[in-house]
């Protein structure tokens, strides 16, 4: 084991040069709960990511936004852009409510063939497809108060024009009829809309984004149904020459650890109907704080996933002051074949890894004998990485001098990874917030790896190559600036690393 004092000296040197990543002008000392590595709005409320699209070297992130308060209100589309998925620039509001209603969730595409006809003078259009939510119709119990509409931009997303023919899909009489995710289906040369319709998914097709035909439904008797289905997505993943279609369905409530969460199905899609390979219910993230996650459009073979880092059980009560809501880190999705069939693995995107600077590294660490202390930077996002050849029960303890702690680890008897935020800080704002959340291990291999990314008040867990992913937020009175490896038996980590995150 390397001596601790040189590590502390290294920290002191790093902290003089390490800069916070995120939006410019944020002062973390004045906003102790605001993360530095994740996107947050400068002020007010956000929830679902919307219209995520890559175009001309820029990632566009739109999001559900209420500009007049820190609780949910009449929804707009906020807008931010980035060239690296980490440093975001917030722009003026992209879409405002109008006579048809609030602007609920949806997607955006690059109409590369100008099928919509919105492009002009050689400029291809970006087309946003979203749900208009009519609050008057909802109040009057019409049952037809959500419709699908379009807006387009011919100046790279800077300004948006709503289509005069809205809505393009009127409500057929379904109360929850929302969150269109649209993509181009090359085999059938048409646009496919994946739409959440109460307790199932409905697929529509279109040659031009304006005229839509219903193709099929999926999921009435499959998957988790503890709440309303929302924010779907449909895309392919390929592994070793095998291509599978992945259907994401967010659900609220009904998640594996309570409240909202993201489930998915694996199967085939022929341009008309989705056929699942089996009846398993799988979850993309087992933590309590990833929801409404979908992928960016127009990224080639990459599938870059991002979700809202909160939970509807308490999102409007978390103890942040001028803002509420954040996005997860970007994650690249991969298809992995396991002994129990195919699964989707999630790992931090390469752009995240590029920002990581190695702070410390140790080899052949006996967690039981050493009760190994980590060197933990106090004001900088950091990652802890562990790898070993034989997995046994152990935990990572993040704590402070106030007696607060977050425990992350592996329960060998139950075969579960877990995050326990029971003593991690403020908790009285919501019943049940302070508890232990668990996720199964999805491989029988004795070899294991665990990566934790900690950003002041959030932790993202990636275990076994991303087969198990968990996201959790917490609110300590002071930063959890100390850490320790613990084990009740002889558990060895072949390698342990701590990385910090800096701009360059």
Query raised in the report: buried (at least 18 other Cβ atoms within 10 Å of the Cβ), more than 21 Å from the chain's Cα centre (by Cα) and in the same structural domain as residue 206 (by TED's automatic domain parsing): does that describe residue 101?
Result: yes
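Can you tell me which of 203, 145, 218 is touching a helix residue (DSSP H, G or I) at 6+ places or on another chain (Cβ under 8 Å) and either in the same structural domain as residue 306 (by TED's automatic domain parsing) or free of Cβ contacts under 8 Å to residues at least 60 places away in the same chain (or both)? Steps first, answer last, please.
Working: 203 fails: touching a helix residue (DSSP H, G or I) at 6+ places or on another chain (Cβ under 8 Å); 218 fails: touching a helix residue (DSSP H, G or I) at 6+ places or on another chain (Cβ under 8 Å).
Result: 145 is the single residue among 203, 145, 218 that is touching a helix residue (DSSP H, G or I) at 6+ places or on another chain (Cβ under 8 Å) and either in the same structural domain as residue 306 (by TED's automatic domain parsing) or free of Cβ contacts under 8 Å to residues at least 60 places away in the same chain (or both).
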Requested in this report: Would you point out the residue of region 310-326, among those that are buried (at least 22 other Cβ atoms within 10 Å of the Cβ) and within 13 Å of residue 250 (Cβ to Cβ), that is farthest from the chain's Cα centre (by Cα)?
Outcome: 311
Query - Residues located in region 326-368, provided they are more than 25 Å from residue 397 (Cβ to Cβ), assigned to a strand (DSSP E or B) and in contact with a strand residue (DSSP E or B) (Cβ under 7 Å, 6 or more places away or on another chain) - result: 327, 331, 332, 333, 334, 335, 336, 337, 342, 343, 344, 345
Query - Some residue of region 173-193 being more than 26 Å from residue 263 (Cα to Cα), buried (at least 17 other Cβ atoms within 10 Å of the Cβ), out of contact with any helix residue (DSSP H, G or I) (no Cβ under 6 Å at 6 or more places or on another chain) and without any contact (Cβ under 8 Å) to a residue 40 or more places away in the chain - result: no
Query raised in the report: Across region 77-96, what is the number of residues that are over 20 Å from the mean Cα position of the chain (by Cα) and not in a loop (DSSP other than H, G, I, E, B)?
Result: 5
Query raised in the report: So which of 255, 307, 259 ends up being under 24 Å from residue 440 (Cβ atoms), under 12 Å from the mean Cα position of the chain (by Cα) and assigned by TED's automatic domain parsing to the domain that holds residue 85?
Result: 307
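Is it fair to say residue 271 is in contact with a helix residue (DSSP H, G or I) (Cβ under 9 Å, 6 or more places away or on another chain) and at pLDDT 95 or above?
Values: in contact with a helix residue (DSSP H, G or I) (Cβ under 9 Å, 6 or more places away or on another chain): yes; at pLDDT 95 or above: yes.
Taking the combined requirement at face value, the residue satisfies it.
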Query raised in the report: Scanning for something buried (at least 21 other Cβ atoms within 10 Å of the Cβ) and touching a strand residue (DSSP E or B) at 6+ places or on another chain (Cβ under 6 Å), does region 132-140 turn up at least one residue?
Result: yes
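If we scan region 74-84, do we find a residue that is at negative phi and touching a helix residue (DSSP H, G or I) at 6+ places or on another chain (Cβ under 6 Å)?
If we filter region 74-84 for residues that are at negative phi, which is where we start, we get 74-84.
Restricting the remaining residues to those that are touching a helix residue (DSSP H, G or I) at 6+ places or on another chain (Cβ under 6 Å) gives 84.
Within region 74-84, one or more residues are at negative phi and touching a helix residue (DSSP H, G or I) at 6+ places or on another chain (Cβ under 6 Å).
Of these, 101, 57, which one is at pLDDT 95 or above and touching a helix residue (DSSP H, G or I) at 6+ places or on another chain (Cβ under 7 Å)? So that I can check it myself, show each step before the final result.
Details: 57 fails: touching a helix residue (DSSP H, G or I) at 6+ places or on another chain (Cβ under 7 Å).
Answer to the selection: 101.
Give me the residue from region 431-478 that is on the phi > 0 side of the Ramachandran plot and surrounded by fewer than 20 Cβ atoms within 10 Å (Cβ to Cβ) and, out of that set, farthest from the chain's Cα centre (by Cα). Can you show your working first?
Applying the first criterion (on the phi > 0 side of the Ramachandran plot) to region 431-478 yields 432, 456, 464-466.
Then drop every residue that is not surrounded by fewer than 20 Cβ atoms within 10 Å (Cβ to Cβ), which leaves 432, 465.
Numbers: 432: 22, 465: 17 Å.
Result: 432.
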Query raised in the report: Which pairs have Cβ atoms under 7 Å, sit 6 or more apart or on different chains, and link a residue in region 229-256 that is on the phi > 0 side of the Ramachandran plot to one that is part of a loop (DSSP other than H, G, I, E, B) and surrounded by fewer than 19 Cβ atoms within 10 Å (Cβ to Cβ)?
Result: 254/224; 254/225; 254/226; 254/227
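With respect to residue 117, determine if the residue is in a loop (DSSP other than H, G, I, E, B), at pLDDT 95 or above and out of contact with any strand residue (DSSP E or B) (no Cβ under 9 Å at 6 or more places or on another chain).
Yes: the conditions hold for residue 117.
The values are calculated or read from the model by the stated rules, or taken from the named source; none is laboratory data. Because the structure is a prediction, the values reported are computed rather than measured. As a convention, Cβ positions derive from the backbone with ideal geometry for all residues, glycine included, and neighbour counts pool all protein chains shown.
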